[in-house]
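**Student:** Before I ask anything, let me first share the structure, which is written out below as structure tokens.
The values are calculated or read from the model by the stated rules, or taken from the named source; none is laboratory data. Quantities reported herein were computed from a predicted structural model and do not represent experimental measurements. Using ideal geometry, Cβ is built from the backbone for each residue, glycine included, and neighbour counts are taken over all protein chains shown. Side chains are part of the model used for accessible areas, which takes the heavy atoms of the whole protein and leaves out ligands, DNA and RNA. Shrake-Rupley method; radii C 1.70, N 1.55, O 1.52, S 1.80 Å.
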Amino acid sequence: MSFDQYHEPPEELSDETRTFARMIVSLCEEAEAINWYEQRIAVEKDKDAKAIMQNAQQEEFKHFGMDLEFLLRKKEVWRTTLKEILFKEGDIVELGTKGEEAAED
């Protein structure tokens with residue numbers, strides 16, 4: 001059985017790589033769901049329906065964060081890069097450059 005997330009034969013991939021691929025796909029699916037809810041919330045007129053969608057979107061965002069944290073625990077260089085970008089004031093592009101430089105050290 002073949003899955004779209006694999007670009008190499010799955011049987012040739014380690015368990016760790018297959019888990020990593022699943023988590024990447026999960027992260028993308030969560031991001032897509034967040035986007036769908038954002039669009040629905042933007043046009044919804046019923047306040048109760050909107051509140052339910054906002055709650056559901058928050059759940060998707062939590063799952064996105066959990067997926068991202070899992071991946072960052074597996075890729076220290078990613079964690080190092082993002083520590084220089086996330087939750088910082090300043091020019092995002094400049095922070096990204098600093099993050100790349102930190103990961104190269």
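**Student:** Measuring with a 1.4 Å probe in the full set of protein chains, what accessible area per residue, in whole Å², belongs to the chain?
**Tutor:** In whole numbers, the chain has 78 Å² accessible per residue.
**Student:** Now for a separate question. Gain in length, residue 76 to residue 38, computed as 0.36 nm per residue apart minus the alpha-carbon separation, to one decimal in nm?
**Tutor:** The residue 76-residue 38 span can extend by a further 10.6 nm.
**Student:** If we count chymotrypsin sites (Phe, Trp or Tyr not before Pro) as exposed when they sit in a DSSP loop and have at most 12 other beta carbons within 10 Å, what is the longest stretch of the chain that avoids them all?
**Tutor:** 4-86
**Student:** Still on this structure: Please identify every one of the GluC sites (Glu not before Pro) in segment 34-104 that sits in a loop by DSSP and has no more than 15 other beta carbons within 10 Å of its own beta carbon.
**Tutor:** Sites meeting the loop and neighbour criteria: 89.
**Student:** Give me the net charge for the shell around residue 53: Cβ to Cβ below 13 angstrom, other residues only, Lys and Arg +1, Asp and Glu -1.
**Tutor:** Surrounding charge for residue 53 is -2.
**Student:** Quickly estimate the mean residue ellipticity at 222 nm for the chain, helices only: each DSSP H run with n ≥ 4 gives -39500 (n - 2.57), and the total goes over all residues, rounded to 500.
**Tutor:** Per the formula, -25500 deg cm²/dmol.
**Student:** Sticking with this one: Report, as a whole number in µm² per second, the diffusion coefficient that Stokes-Einstein gives for segment 32-105 at 4 °C and 1.567 mPa s using the Kirkwood radius over alpha carbon pairs.
**Tutor:** 90 µm²/s
**Student:** On the protein heavy atoms, probe 1.4 angstrom, tell me the percent of accessible surface of the chain carried by carbon and sulfur.
**Tutor:** 53 percent
**Student:** If you don't mind, there's one more thing I want to ask. Label points 7 Å out from Cα along the Cβ direction at residue 47 and residue 91: separation in nm?
**Tutor:** Between residue 47 and residue 91, the simple spin-label model gives 4.4 nm.
**Student:** Can you tell which of 93, 25, 77 shows the greatest fluctuation in a Gaussian network model of the chain with Cα springs below 10 Å?
**Tutor:** Evaluated over the chain, the most mobile residue of the options is 93.
**Student:** Where a Cα-Cα gap under 29 Å defines reach, which lysines qualify for residue 75, not counting those fewer than 8 residues away within the same chain?
**Tutor:** Excluding near neighbours in sequence, the set is 62, 83, 88, 98.
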